[in-house]
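In what follows, a single structure is set out as structure tokens and then discussed.
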Amino acid sequence: MKWAMPPKIKVLEATGAIADGRVTFINENTAKVVSSTGERTYTVKFNLDKRKITSDDNGSVYKGYLGYPSISVLMLKKVLPFSEKIANALKGINWKELNEKYKAYWKTEFVVKKIAERKGVSSTEIDEYVKQVMAKIKELAFEKLE
């Protein structure tokens, strides 16, 4: 079964997780990703040869889309595009706090882009990056690893 496309904000959340050093590889097909608050740790399992991946984050489990922990692992494995420049601009963001405060991903995205702009990354650069990552996710059409 294929993963649904994630909300665009999840690309930025994944990039931020990498910037914060919250992704750790346990072995060749398992990684742990710590949430932005440090309260939760998600397990990502994958078989990249078969384009299969799974994670126990809420978006993956309850909404059926490729969640940010999986996206961050795929970026670190060089399967999806990754931007060091954008990552540095997204370092230290408390995603959970923003998502709970604004209750809409588009509002969180707006705030995150303002933070990035203050660090020298334009919203146009971010939009182009997200577009590239989303296109690659769609092209590769990852399936759920059972």
I need the peptides 87-95, 69-77, 15-23 ranked by packing, meaning the mean over residues of other C-beta atoms within 10 angstrom, with the highest value on top.
69-77, 15-23, 87-95
What does the charge dipole of segment 31-89 about its Cα centre add up to, to the nearest 20 debye, if the Cβ of each Lys and Arg holds +1 and the Cβ of each Asp and Glu holds -1?
240 debye
Give me the angle, in degrees from 0 to 90, between the Cα long axis of helix 105-118 and the longest principal axis of the Cα atoms of the chain, rounded to the nearest 10.
60 degrees
Net charge dipole size for the chain [Lys, Arg +1 and Asp, Glu -1 on Cβ; Debye, nearest 20]
160 debye
Segment 71-99 and segment 17-58 have their Cα centres apart by a whole-number Å value of 12 Å
Taking a 1.4 Å probe, which of GLU13, GLU97, GLU146 shows the most accessible area, and what order do the others take after it?
GLU146, GLU97, GLU13
What does the C-alpha gyration tensor say about the overall shape of segment 89-135? Classify as rounded when a/c is under 1.5, otherwise prolate if a/b is larger than b/c, or oblate.
oblate
Across the chain, how large is the tail of the calculated P(r) beyond 20 Å, expressed as a percent of all Cα pairs?
42 percent
In the chain, what % of DSSP beta bridges are antiparallel (nearest 5)?
80 percent
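Ranked by accessible surface with a 1.4 Å probe, highest first, in what order do SER36, SER60 come?
Descending order: SER36, SER60.
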Global form of segment 45-106, assessed from the alpha-carbon gyration tensor, a/c cut-off 1.5:
oblate
Using amide H atoms built 1.01 Å from N in the peptide plane, name the residues 5+ places from GLY67, or on other chains, whose amide H lies under 5 Å from its own.
SER60
Putting +1 on Lys and Arg Cβ atoms and -1 on Asp and Glu Cβ atoms, find which of ALA14, SER55, VAL112 reaches farthest to the positive end of the dipole of segment 1-136.
SER55
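The values are calculated or read from the model by the stated rules, or taken from the named source; none is laboratory data. Everything numeric here is computed off the predicted structure, so don't read it as measured data. Neighbour counts run over all protein chains shown; Cβ positions are idealised from the backbone, glycine included. Keep in mind that these areas ignore ligands, DNA and RNA; they rest on the heavy atoms of the full protein, side chains included. Shrake-Rupley method; radii C 1.70, N 1.55, O 1.52, S 1.80 Å.
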